[in-house]
Amino acid sequence: MEQVLTISTTWGTNDPTKATIPFHLARGAKQTGVDVRIVLAGDSTELIRSGVAGTVRGKGVPPLSEVLDFARENKIPIHV
């Protein structure tokens with residue numbers, strides 16, 4: 001049976017730090033060889049709209065656009 005780490009979130013642009021954390025967790029998991037996917041629900045679905053990621057910058061973490069690009073480049077599934 002295939003095991004996949006599923007990271008889900010509902011945080012959107014109203015809290016940029018919390019909104020980006022699932023993407024950082026997914027990047028870290030993928031970099032260590034773990035199969036991972038991200039599930040967005042509620043407010044978090046707006047994060048993947050065109051142009052939104054460039055405006056989301058949490059405190060003390062890289063911008064959402066950076067980790068979202070990593071997810072796309074590494075074929076991390078993002079379910080909405």
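The values are calculated or read from the model by the stated rules, or taken from the named source; none is laboratory data. The structure presented is a predicted model; accordingly, all values stated were derived computationally and were not measured. Cβ sites come from the backbone with ideal geometry, for glycine too, and all protein chains shown count toward neighbours. These accessible areas exclude ligands, DNA and RNA; they are computed on the full protein's heavy atoms, side chains included. Shrake-Rupley method; radii C 1.70, N 1.55, O 1.52, S 1.80 Å.
Tell me whether the stretch 60-77 contains one or more residues that are part of a loop (DSSP other than H, G, I, E, B) and either without any contact (Cβ under 8 Å) to a residue 40 or more places away in the chain or of a type in the set (Phe, Trp, Tyr) (or both). Spell out how you get there, then give the answer.
Narrowing the stretch 60-77 to residues part of a loop (DSSP other than H, G, I, E, B): 60-63, 74-77.
Then drop every residue that is not either without any contact (Cβ under 8 Å) to a residue 40 or more places away in the chain or of a type in the set (Phe, Trp, Tyr) (or both), which leaves 75.
So far as the stretch 60-77 goes, yes, one or more of its residues are part of a loop (DSSP other than H, G, I, E, B) and either without any contact (Cβ under 8 Å) to a residue 40 or more places away in the chain or of a type in the set (Phe, Trp, Tyr) (or both).
Here PRO22 clears all of (1) in a helix (DSSP H, G or I); (2) more than 18 Å from ILE7 (Cα to Cα); (3) open to solvent by less than 30 Å² (accessible area, probe 1.4 Å) except the condition numbered (2). Every condition in (1) open to solvent by 90 Å² or more (accessible area, probe 1.4 Å); (2) in a loop (DSSP other than H, G, I, E, B); (3) at pLDDT 95 or above is met by SER50 except one, and the failing one is (3). Can THR13 be described as part of a loop (DSSP other than H, G, I, E, B), open to solvent by less than 60 Å² (accessible area, probe 1.4 Å) and β-branched (Val, Ile, Thr)? Criteria met by THR13.
Determine if the stretch 55-62 includes at least one residue that is open to solvent by less than 70 Å² (accessible area, probe 1.4 Å) and of a type in the set (S, T, N, Q).
Here is the first cut: in the stretch 55-62, the ones open to solvent by less than 70 Å² (accessible area, probe 1.4 Å) are 56, 58, 61-62.
Checking the rest, the ones that are also of a type in the set (S, T, N, Q) come to none.
No: the stretch 55-62 contains no residue that is open to solvent by less than 70 Å² (accessible area, probe 1.4 Å) and of a type in the set (S, T, N, Q).
For the stretch 22-40, the criterion of being of a type in the set (Asp, Glu) and within 11 Å of ILE76 (Cβ to Cβ) is met by at least one residue.
Condition check for GLN3 on (1) assigned to a loop (DSSP other than H, G, I, E, B); (2) open to solvent by 60 Å² or more (accessible area, probe 1.4 Å); (3) at pLDDT 95 or above: one failure, at (3).
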